[in-house]
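Worksheet for the structure shown next.
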Amino acid sequence: QVQLVESGGGLVQSGGSLRLSCAASGRTFSSYAMGWFRQAPGKEREFVTAISRYGSKFYADSVKGRFTISRDNSKNMMYLQMNSLKPEDTAVYYCAASYRTATLLKKEEYDYWGQGTQVTVSS
């Protein structure tokens, strides 16, 4: 079992930055691939970025060049640095963990989810 807790969300102006954190419980954090998804009101939960257990990183086209995912296995932590934020980035952001060998791009491939943290970008 893995428990995930997100933090770092908030209200920021367009063009600003935020850093989200995801704290994971358990002793096998390094065995999991990790991802960030987001869900805006009335929309499906969508892929944002993921990092494999080996450190390979994947990004949605909409955030490439603006967002950076990282992980610190010694601290059981994952991070999402979000720069040049836009109003369309407004959503609840969820961290997720997967123990599967998968593309990491689909929410169905993840086994554990956090409760989410709200990010609001004002124009």
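The values are calculated or read from the model by the stated rules, or taken from the named source; none is laboratory data. Owing to the predicted nature of the structure, the values given are computational and were not obtained by experimental measurement. Areas reflect the complete protein model, heavy atoms only, side chains present, ligands, DNA and RNA absent. Shrake-Rupley method; radii C 1.70, N 1.55, O 1.52, S 1.80 Å.
Computed quantities for the displayed model
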item	result
Residue-normalised accessible area of the range 49-121, expressed per residue, 1.4 Å probe, Å²	50
Distance histogram for the range 1-56 (every C-alpha pair counted, 5 angstrom bins, percent rounded to whole numbers)	4, 14, 19, 26, 21, 10, 6, 1
Largest to smallest principal axis extent of the C-alpha atoms in the chain, angstrom	41, 25, 25
Linear extension gain, Leu105 paired with Tyr54, 0.36 nm per residue minus alpha-carbon span	16.8 nm
Cross-link partners of Lys64 among lysines (Cα-Cα below 21 Å; sequence separation of 8 or more within a chain)	Lys43, Lys86, Lys106, Lys107
Whole-percent carbon and sulfur share, accessible surface of the chain, 1.4 Å	47
